[in-house]
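Novice: My structure is below; once you've seen it, I'll send some questions.
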Protein chains: 2
Amino acid sequence: MSYFAAMSKPLILVTNDDGIVAPGIRVLVDIVRAYGDVVVVAPDSPQSGKGHAVTLEEPLRINKVNVFPGLEAYECNGTPVDCVKLAKHIVLKDRKVDLCVSGINHGSNASINIIYSGTMSAAMEASLEGVNSIGFSLLNFAFDADFNPCRPYVDKIIRDVMERGIPHSRLLNVNIPYPENGRIRGIRVCKQAEGRWREEFMEAVDPRGQKYYWLTGVFQVDDHSEDTDIWALQNNYVSVVPSGHDLTTYASIPGLKYLEV
Amino acid sequence: MSYFAAMSKPLILVTNDDGIVAPGIRVLVDIVRAYGDVVVVAPDSPQSGKGHAVTLEEPLRINKVNVFPGLEAYECNGTPVDCVKLAKHIVLKDRKVDLCVSGINHGSNASINIIYSGTMSAAMEASLEGVNSIGFSLLNFAFDADFNPCRPYVDKIIRDVMERGIPHSRLLNVNIPYPENGRIRGIRVCKQAEGRWREEFMEAVDPRGQKYYWLTGVFQVDDHSEDTDIWALQNNYVSVVPSGHDLTTYASIPGLKYLEV
């Protein structure tokens with residue numbers, strides 16, 4: 001660490017996908033403000049399931065808001081990824097971000113859900129810019145879910161990552177179980193389980209007599225090995241999956257050479 | 001192939017992210033209809049950059065449209081991933097899809113763009129359901145881009161995949177160069193290049209005096225090795241990257257075990 005870096009406090013960007021007034025982001029801000037200067041840039045409305053969407057067809061706006069006492073905070077009308085882009089290029093233009101944390105999401109982003117998740121896509125976007133990034137999600141969708149049992153684990157992971165970094169990666173997908181008795185057993189570093197959504201669209205008719213569909217579904221785990229995030233969560237451990245953005249399936253390359261001309 | 005399968009024509013789902021009236025999807029439909037029964041389910045408006053977004057906060061609608069003579073086609077008010085979900089669960093409820101093709105996108109989805117791309121996310125969604133899927137993109141954004149030089153390559157890749165499959169993967173990210181002289185040199189199977197967007201938000205003021213931002217940027221390649229999609233495209237080869245949805249960075253797991261408690 002350089003002399004200058006040792007003097008200045010780390011700069012921490014906080015975002016989420018449930019929107020700037022969700023309880024989860026407030027918990028995360030509470031925890032992370034012990035570790036540096038915190039700036040919040042988060043969506044002005046729920047953005048769950050927005051994946052890595054960016055807004056290309058519409059203008060984006062950012063407004064300073066007074067949501068977190070004593071902290072610089074902005075709401076944005078775009079997606080979680082838009083928030084991170086605006087944070088980097090407009091809000092924090094000449095400042096180097098040391099850590100990005102996203103969440104705490106109300107609901108799981110384990111297994112394949114990383115791909116649909118605005119929470120994780122925001123963290124991934126920051127990681128693409130070279131910033132160590134962590135997405136946190138609690139396995140409870142409720143607005144009034146109890147975040148207290150997860151606080152020491154979120155705190156420990158942030159502290160450890162700030163001290164020791166993330167080898168060979170810049171992104172962690174952290175999911176936190178919600179055991180009925182509140183007793184989380186520990187932390188497991190694991191891989192993303194194979195799984196998928198079994199969709200069941202709700203079908204209904206609007207006041208004009210037109211049919212519409214509403215997306216819903218049940219998550220189906222296709223992978224029951226003990227080294228997965230799903231296993232960890234089912235056994236009341238916090239799951240930590242180091243994640244990246246290279247989607248190449250290298251094992252397929254040799255067998256596909258027949259395509260070359 | 002079973003006797004029954006040998007008798008019935010393959011069922012091919014076509015989608016895109018530029019919308020059902022974009023020229024690129026018409027070219028793709030033209031090519032693919034030689035290989036089976038084609039059903040089109042595509043967005044009713046441009047959905048570029050929507051990544052793996054799904055629509056959770058609003059109802060979805062699908063309407064039959066007469067866009068492709070003699071073909072069953074539907075437009076949907078959701079994202080490209082919504083289109084694939086609705087295709088599977090509503091439009092093609094009791095029918096097995098044999099292949100999903102997405103595109104031909106107007107613009108590159110090479111390198112890291114796979115993450116932002118609605119075209120590729122639609123194909124990935126179908127691959128999650130066990131369907132061999134291919135996203136095609138042409139390196140020209142223009143509405144009136146000339147798709148003729150790319151047709152034989154798109155045709156060859158579809159034919160080969162239908163005959164021989166995709167080993168160890170169910171998803172191909174195919175990008176097609178746009179050389180000035182129209183001379184594409186061939187096909188290369190490669191990995192996703194490392195790269196990122198250098199954003200440059202356009203900043204302006206609306207009629208009410210409020211500032212707004214519009215996302216734009218320049219793509220920066222950080223990886224110049226010869227086994228990448230970017231290299232292939234720069235050398236006027238079609239790039240084929242076998243792709244997946246497991247984002248785990250396995251190399252990071254041992255070094256992160258210190259987090260476990």
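Computed from the coordinates by the stated procedures, all read-outs in this text should not be read as laboratory data. These numbers come from a predicted model, not from an experiment. Because the Cβ atoms are built from the backbone with ideal geometry, glycine has one as well, and the counts that use them run over all protein chains shown.
Novice: Report, for B:Asp94, each distance to the same residue's label point in the other copies, shortest first and in nm; define the point 7 Å along Cα→Cβ.
Specialist: 6.8
Novice: Taking the simple approach of a point 7 Å from Cα along Cα-to-Cβ for both B:Glu180 and A:Glu72, what is their distance in nm?
Specialist: In this crude label model, B:Glu180 to A:Glu72 measures out at 4.6 nm.
Novice: May I pose another question? Once you average over the residues of A:234-246, how many Cβ atoms of partner chains fall within 10 Å of each Cβ?
Specialist: Average per residue, whole number: 5.
Novice: Please give the charge dipole size of the stretch A:158-261, origin at the Cα centre, charges +1 on K and R Cβ atoms and -1 on D and E Cβ atoms. Round to the nearest 20 debye.
Specialist: 280
Novice: Right, here's the next one. Which Cα, out of B:Gly24, B:Asn77, B:Leu11, lies furthest along the positive dipole direction of the stretch B:1-158 (beta carbon charges, K/R +1, D/E -1)?
Specialist: Going by the Cα projections, it comes out as B:Leu11.
Novice: Among A:Val91, A:Val81, A:Val65, whose mean-square fluctuation peaks in a Gaussian network model of chain A (Cα, cutoff 10 Å)?
Specialist: The residue that fluctuates most here is A:Val65.
Novice: Rg/Rh for the protein assembly as shown to two decimals, with Rh computed the Kirkwood way over all alpha-carbon pairs.
Specialist: Taking Rh as the inverse mean 1/r over Cα pairs, Rg/Rh reads 0.97.
Novice: Treating the beta-carbon of each Lys and Arg as +1 and of each Asp and Glu as -1, no other charges, what is the dipole magnitude of the stretch B:9-96 about its Cα centre, to the nearest 20 debye?
Specialist: 360
Novice: Another one. Below 8 Å, C-alpha to C-alpha, sequence gap of six or more: please give me the relative contact order for chain A in percent.
Specialist: With pairs under 8 Å counted, the relative contact order is 17 percent.
Novice: Work out Dmax and Rg for the stretch B:51-123 from the C-alpha atoms and quote the Rg first, both in angstrom.
Specialist: 13.2, 37
Novice: State the antiparallel share, in %, of DSSP beta bridges confined to the protein assembly as shown, rounding to the nearest 5.
Specialist: Given both bridge residues lie in the protein assembly as shown, the antiparallel proportion sits at roughly 40 percent.
Novice: Next question. How big is the stretch A:1-90 by the Kirkwood estimate over distinct Cα pairs, in Å?
Specialist: Taking every pair of different Cα atoms in the stretch A:1-90, averaging 1/r and inverting gives 13.7 Å.
Novice: So what's the stretch B:9-62 giving for Rg/Rh, alpha carbon basis, Kirkwood Rh from the mean inverse pair distance?
Specialist: My calculation of the ratio gives 1.02.
Novice: Using the Cα centre of the protein assembly as shown as the reference point, and only Cβ charges (+1 on K/R, -1 on D/E), how large is the resulting charge dipole? Debye, rounded to the nearest 20.
Specialist: Around 300 debye, computed over the protein assembly as shown.
Novice: List the distances, in nm and shortest first, from the label point of A:Ser225 to the matching label points in every other copy, placing each point 7 Å from Cα along the Cα-to-Cβ direction.
Specialist: 2.4
Novice: At q = 0.08, 0.10, 0.13, 0.14 Å⁻¹, what log₁₀ I(q)/I(0) does chain B have when each alpha carbon counts as one equal point scatterer in the Debye sum?
Specialist: -0.34, -0.52, -0.85, -0.97
Novice: Rounded if a/c is under 1.5, else prolate if a/b is larger than b/c, else oblate: which is the stretch A:159-261, with a ≥ b ≥ c the root eigenvalues of its Cα gyration tensor?
Specialist: oblate
Novice: Sort B:216-223, A:126-133, B:14-21, B:201-208 by the packing proxy (mean of other Cβ within 10 Å over each peptide's residues), most packed first.
Specialist: Sorting B:216-223, A:126-133, B:14-21, B:201-208 by mean packing, highest first, produces B:14-21, A:126-133, B:216-223, B:201-208.
Novice: In whole percent, what relative contact order does the stretch A:195-261 give with Cα contacts below 8 Å and a gap of six or more residues?
Specialist: Taking the mean separation of contacting Cα pairs over the length of the stretch A:195-261, I get 22 percent.
Novice: So what's the gap between the Cα centers of the stretch B:110-175 and the stretch A:176-210, to the nearest angstrom?
Specialist: Going from one Cα centre to the other spans 29 Å.
Novice: Next question. Using the scaling law 2.2 N^0.38 Å as the reference, what is the normalised Cα Rg of the stretch A:78-189?
Specialist: In units of the 2.2 N^0.38 Å rule of thumb, it is 1.08.
Novice: Could you list the GluC sites (Glu not before Pro) in the stretch B:58-127 that lie in coil according to DSSP, counting only those with at most 16 other Cβ atoms within 10 Å of their Cβ?
Specialist: Loop-located and lightly packed - none at all.
Novice: Go ahead and estimate [θ] at 222 nm for chain B from helices alone: -39,500 (n - 2.57) per DSSP H run with n ≥ 4, summed, over the residue count, rounded to 500.
Specialist: For chain B, the value works out to -6000 deg cm²/dmol.
Novice: A further question follows. Select from A:Ile112, A:Gly130, A:Ser225 the residue farthest towards the positive end of the dipole of chain A; place +1 on Cβ of Lys and Arg, -1 on Cβ of Asp and Glu, and compute about the Cα centre.
Specialist: A:Gly130
Novice: Moving to a separate point now. Evaluate peptide A:104-117: per residue, the Cβ atoms of other protein chains within 10 Å of its Cβ; return the mean as an integer.
Specialist: 2
Novice: Still on this structure, I have one more. Among the lysines in chain B, how many pairs, 8 or more places apart or on different chains, have alpha carbons under 29 Å apart?
Specialist: 27
Novice: What percent does the relative contact order of the stretch B:1-139 come to when contacts are Cα pairs within less than 8 Å and at least six residues apart?
Specialist: 29
Novice: Antiparallel DSSP bridges in the stretch A:118-254: what percent, to the nearest 5?
Specialist: Bridges in the stretch A:118-254 are about 55 percent antiparallel.
Novice: Taking the DSSP beta bridges in chain B as the whole, what percent of them are antiparallel, to the nearest 5?
Specialist: The antiparallel fraction comes to roughly 35 percent.
Novice: Kindly give the distances from B:Gly130 to its copy-mates, label point to label point, with each label point 7 Å from Cα along Cα→Cβ, as nm values to one decimal ordered shortest first.
Specialist: 4.5
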